[in-house]
Every structure is written in structure tokens, then in C-alpha cells.
Amino acid sequence: GESGSITIMDPKTGRILAMAVSPTYDPNNFLTEPEANRANPAVSAQFEPGSTFKIITMASALQSGTVRPETTYFDTGFIEVGGVGITNWNGGAWGTQDMTGVLQHSLNVGTAWVSTHMGPQKFYDYLTAFGMGQATNIDLSGEAAGTLSRPGDPNWYESNLGTNAFGQGVAVTPIQLLA
């Protein structure tokens with residue numbers, strides 16, 4: 001079925017100002033509601049964030065000094081990472097792009113280029129620092145931790161360095177992504 005959540009957070013303090021989810025349940029009938037309806041999807045639903053994750057990759061690369069906004073690369077529309085080919089969302093090649101263009105055009109290849117230039121240690125250290133793969137410890141029950149495989153984990157592959165950069169093969173909760 002259809003569902004959604006909206007959460008408003010103060011970016012300076014992390015304080016949750018408002019949170020709404022749908023579908024919801026009637027707390028007056030808590031015991032008769034199916035257990036699945038009682039979970040708060042804002043903290044328990046896990047999903048692949050896709051292109052919204054590109055902002056985290058780029059922030060990590062900028063903060064680490066790997067790139068600057070004016071850093072350029074030549075987008076051929078294809079990059080291979082760990083033996084897996086990555087293309088852009090439209091299959092196109094965008095030519096010379098700076099880091100603003102990577103985000104503006106939502107380029108998978110550019111984001112994978114950025115993560116490979118960071119290298120796995122730095123990239124995953126930053127993702128961990130951003131709180132990926134761990135609970136935020138919000139004071140709400142049922143919070144999921146999301147999923148972030150790191151180098152050395154049995155289910156991590158070199159290709160993850162490229163695909164994780166644009167939010168594939170990673171699972172987050174809405175509250176994690178917001179935080």
C-alpha cells in the first residue's frame with residue numbers, strides 16, 4: 001500500500017520539530033491494531049536512498065579535501081568499479097563536469113568517480129561518521145540501524161565503493177537520512 005513520512009528537524013540541534021506518518025493507527029485502540037501498524041516507518045522503514053545519497057558522498061569528498069567544487073572530471077557515461085560497470089541514470093555522457101554539475105545532473109558516474117578517488121577507507125569512515133549503518137538513538141521505539149557493509153565484511157565487494165556512492169546497496173531509515 002501507499003505510505004509516507006514527513007519529519008522536520010532543526011538542522012542546528014537535531015531536535016525533531018514535527019513528525020507525521022501514514023498510514024497510522026488509533027492509539028485508543030492500540031491492543032486491537034495489527035502489530036505491523038504500530039511501527040513508526042520514520043524510524044523503522046529501511047530503503048535504498050538512491051540519488052539522495054549523492055549529497056552525503058559529495059559532502060564527504062569536500063570535507064576530506066578529495067575534491068573542491070571546481071574539481072573537474074570527464075564524464076564518458078561509464079565507469080568500472082570492482083569489475084561492475086556503472087552508467088548514468090539516462091545512459092548519457094555529460095563531458096567535462098565540475099562537482100556542482102555532478103549533483104546538478106545527478107550523475108552516477110561522477111559520484112562513483114568521487115568515491116573511488118576518496119578510496120574505501122576514507123569513504124566508509126565518512127559514511128560511518130554521518131551515522132550510516134547505525135541507529136540515531138532517537139527516543140522512539142523500533143528504530144532500525146540501516147545497512148552499511150564496509151571493506152572486510154563478508155558481504156562487501158569492491159564494486160560497492162562505486163554503487164554505494166549513489167545510494168545503491170545501502171539501506172537507511174528516513175530519520176538516518178534526515179540526520
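By the combined test of axial Cα extent (at least 24 Å) and Kyte-Doolittle hydropathy (mean at least -1.0), none of the DSSP H helices of the chain qualifies. For Asp125, the solvent-accessible surface computed with a 1.4 Å probe is close to 70 Å², ligands and nucleic acids excluded.
Values of log10 I(q)/I(0) for the range 27-161 across q = 0.16 Å⁻¹ run -0.87, by the Debye formula with one identical scatterer at each alpha carbon and no solvent. The stretch between Arg15 and Ser51, if pulled fully straight at 0.36 nm per residue, gains 10.4 nm over its current Cα-Cα span.
The simple Förster model, with R0 at 45 Å and r as the Cβ-Cβ distance, assigns Thr96 and Ala145 a FRET efficiency of 0.70. Site pair Tyr157 and Ile8 shows an inter-label distance of 4.3 nm when each label is modelled 7 Å from Cα along Cα→Cβ.
Distance between the pseudo-spin-label points of Thr128 and Ala36 (7 Å out from Cα toward the beta carbon): 3.6 nm. Look at the alpha carbon pairs under 8 Å that are at least 6 residues apart: their mean separation over the length of the range 1-117 gives a relative contact order of 19 percent. The heavy atoms of His117 offer some 110 square angstrom of accessible surface to a 1.4 angstrom probe. For the chain, modelled as a GNM whose springs connect Cα atoms under 10 angstrom apart, the maximal fluctuation among Ala59, Ala36, Ala45 occurs at Ala36.
For Thr71, the residues whose amide H sits under 5 Å from its own are Met99, ignoring neighbours fewer than 5 places away on the same chain, with H placed 1.01 Å from N. Report summary: the helix-based calculation at 222 nm, which adds -39500 (n - 2.57) for every DSSP H run with n ≥ 4 and divides by the residues of the chain, gives -7500 deg cm²/dmol.
The values are calculated or read from the model by the stated rules, or taken from the named source; none is laboratory data. Everything numeric here is computed off the predicted structure, so don't read it as measured data. A quick note on method: Cβ atoms are made from the backbone with ideal geometry, for glycine too, and the neighbour counts reach across all protein chains shown. Ligands, DNA and RNA are excluded from the accessible area calculation, which covers all protein heavy atoms including side chains. Shrake-Rupley method; radii C 1.70, N 1.55, O 1.52, S 1.80 Å.
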